[in-house]
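Engineer: Handing you a structure now.
Nothing in this text is a laboratory measurement; each read-out follows from the coordinates by a stated rule. The model shown is predicted, which means the values in this text are computed figures rather than measured ones. Every residue, glycine as well, gets a Cβ built from its backbone with ideal geometry; the counts of neighbours run over all protein chains shown.
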Amino acid sequence: MDSSLCIEFRLDACLIHFIGLASHSEESTGEHEGRKMTENQTQYSASEAAILLLKEYRDKRDRFRVFDNFDHAMSAMQQSVELGLAGTAEPLKTIAQRLYKISVDGFFMVQVCEYKISYLSDALVQAIESQNPVSLANNARALIEHVAALIFVMEALEKLRASLVSQGSETKVNEALGKAELILQRSYYGKSPKASEKTETAPHIESECLAALEKFVPDIREVYGYLCEFVHPNFGSNLLVSTGHLGKGRLNPLPDFHKETIDQICRYCSLTMLFLREQAIPIGSLFINLKDLVDRLLSKGAKINSVFAKRTALPEGDGMSQATAFFFPKARTALEAIQLTSSYLDESGIELTGRREVGAIIEGYVYDIYPTSIGRLWFKVPAVV
């Protein structure tokens, strides 16, 4: 078993403390290997599978209603960060403020995107059940666009996280923060280039959003182009409500006449929802990592030239028992200790053979037990608070 997989589940547990709610995809491992949307296997009919997955997504989004009053939901973390900022000197204070705001704004933007996707899911279910092919095609394309917009935001935040790793230059840190801030501003406030009095230009669907999604779904442009043909007022959409010949045939034919097209659109909806399911833990983990970087900036003794430096996975102890559990004394945060655990296992060539167990929680530390190829190993990490 890949050690990173078990660590992902641990990160998902951290998410409970970060936002007060478990990830909305326990089924997901967070792994995705660029599956094409033309690849599909299911025991259900195309429409049945789409309805099941769309409803699943909508139902899981209900768990996030706790964030509807966003200010209240984030108030406890806001107060904690403000307390840390009060004792932090420049330039770390300003950097921490900006990075925290990016984290919160990014999380807010994800909720905005996913609310719209949830409403589109409702519309798609209704379109399938009412056998409305025009609504189905329009909302399927909109689904692709909003998922692409979500991935565009996540790509920008991941680039920020990656650019901060081992970065000790204040100038380069500020440049990276500025790029992420601009993306978030454009994603929320952006308008069409044709709009009057526009302040920000919205991300371009094809050149920016689809480009981000294409890195995960190689044939997304082909899929998007297919759907566009049934959305525009041309032969494609005409075909949805006629039998394909000008001036003759039947208008509004029975659904079976367009079954192949309808099934294909439903399959694209299903694969889109499966993709979102797979992305749930990576999205949650990204925000955990960004918040952890804020915590490092606010930690005692932090310095700009070393605050983002990677620690070497050199633990104390031998891991054979609770008393001699592996421990990383140089870990600056609980999350860094968890990450060093993963690094140590990988670098030592030790394979996990099962799920992590909690052996004990004592005086602010969690004693984790990992079944491995060399036996059960104990790790002592700070509890997430």
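Engineer: Can you order the peptides 311-319, 358-366 by their average number of other Cβ atoms within 10 Å per residue, highest first? Kindly include the intermediate steps, with their values, before the conclusion.
Structural biologist: Values: 311-319: 15.6, 358-366: 12.6.
With the highest mean Cβ count within 10 Å placed first, the list reads 311-319, 358-366.
Engineer: Rg and Dmax in Å for the stretch 191-278, alpha carbons only: what are they?
Structural biologist: 17.1, 50
Engineer: Let me know the Kirkwood hydrodynamic radius for the stretch 326-382, please, with Cα pairs as the basis and the value in Å to one decimal.
Structural biologist: Values: mean 1/r = 0.0869 Å⁻¹.
Across the stretch 326-382, the inverse of the average 1/r is 11.5 Å.
Engineer: Turning to a different aspect of this structure: If you filter the stretch 222-297 for GluC sites (Glu not before Pro), then keep DSSP loop positions with at most 11 other Cβ within 10 Å, what is left?
Structural biologist: none
Engineer: Continuing with the same structure: What is the chain's relative contact order, in percent, from Cα pairs under 8 angstrom and six or more apart in sequence?
Structural biologist: Numbers: 525 pairs, mean separation 92.3, N = 385.
Relative contact order comes out at 24 percent.
Engineer: Please report, in whole Å³, the volume per residue of the convex hull around the C-alpha atoms of the stretch 137-249. Walk me through the numbers on the way to the answer.
Structural biologist: Details: hull volume 12.6 nm³, N = 113.
Dividing the Cα hull volume of the stretch 137-249 by its residues yields 112 Å³.
Engineer: Hey, another quick one. Within a Cβ distance under 13 Å of LEU210, other residues only, what is the Lys/Arg minus Asp/Glu net charge?
Structural biologist: Details: positive: ARG141, LYS215, ARG221; negative: GLU145, GLU155, GLU206, GLU208, GLU214, ASP219, GLU222.
Charge balance near LEU210 sits at -4.
Engineer: Please work out the Cα convex hull volume for the stretch 44-181 and give it in Å³ per residue.
Structural biologist: Spread over its residues, the Cα hull of the stretch 44-181 gives 122 Å³ apiece.
Engineer: Hey, what angle do you get for helix 259-297 against the long axis of the chain, alpha-carbon based, 0 to 90 degrees rounded to 10?
Structural biologist: Taking the Cα atoms of the chain, the angle to 259-297 is about 20 degrees.
Engineer: Take the Cα atoms of the stretch 242-333, build their convex hull, and give its volume per residue in Å³. Each step should come with its number before you reach the end.
Structural biologist: Numbers: hull volume 20.9 nm³, N = 92.
Output value, Cα hull per residue: 227 Å³.
Engineer: If you don't mind, there's one more thing I want to ask. Return one number: the angle in degrees, 0 to 90 and rounded to the nearest 10, between the long axis of the Cα atoms of helix 92-129 and the longest principal axis of the Cα atoms of the chain.
Structural biologist: 30 degrees
Engineer: What does the highest-first list of 201-209, 93-101, 60-68 look like by mean Cβ count within 10 Å?
Structural biologist: On the way: 201-209: 16.4, 93-101: 18.9, 60-68: 14.1.
Per-residue mean Cβ counts within 10 Å order the peptides as 93-101, 201-209, 60-68.
Engineer: For LYS60, which lysines qualify as cross-link partners when the Cα separation must be under 19 Å and same-chain residues fewer than eight apart are set aside?
Structural biologist: Of all the lysines, those that pass the test against LYS60 - Cα under 19 Å, at least 8 places apart if same chain - are LYS116.
Engineer: Can you tell me the relative contact order of the stretch 259-385? Whole percent, Cα pairs under 8 Å, sequence separation 6 or more.
Structural biologist: In percent, rounded to a whole number, it is 19.
Engineer: Here's another thing I want to ask about it. Using Cα-only point scatterers and the Debye equation, what is log10 of I(q)/I(0) for the stretch 32-297 at each q in 0.07, 0.13, 0.14, 0.16 Å⁻¹, rounded to two decimals?
Structural biologist: Reported log10 I(q)/I(0), two decimals: -0.31, -0.91, -1.02, -1.23.
Engineer: OK, next. Across all directions of projection, what mean area in square nanometres is found for the Cα convex hull of the stretch 256-385?
Structural biologist: On the way: hull surface 48.5 nm².
Taking the Cα atoms of the stretch 256-385, their convex hull projects to 12.1 nm² on average.
Engineer: Could you calculate the contour length gain from GLN131 to ASP263, that is, 0.36 nm times the residue separation minus the distance between their Cα atoms, to one decimal place in nm? Before the final figure, lay out each step's value.
Structural biologist: Working: separation 132, 0.36 × 132 = 47.52 nm, distance 1.15 nm.
Going from the current span to full extension adds 46.4 nm.
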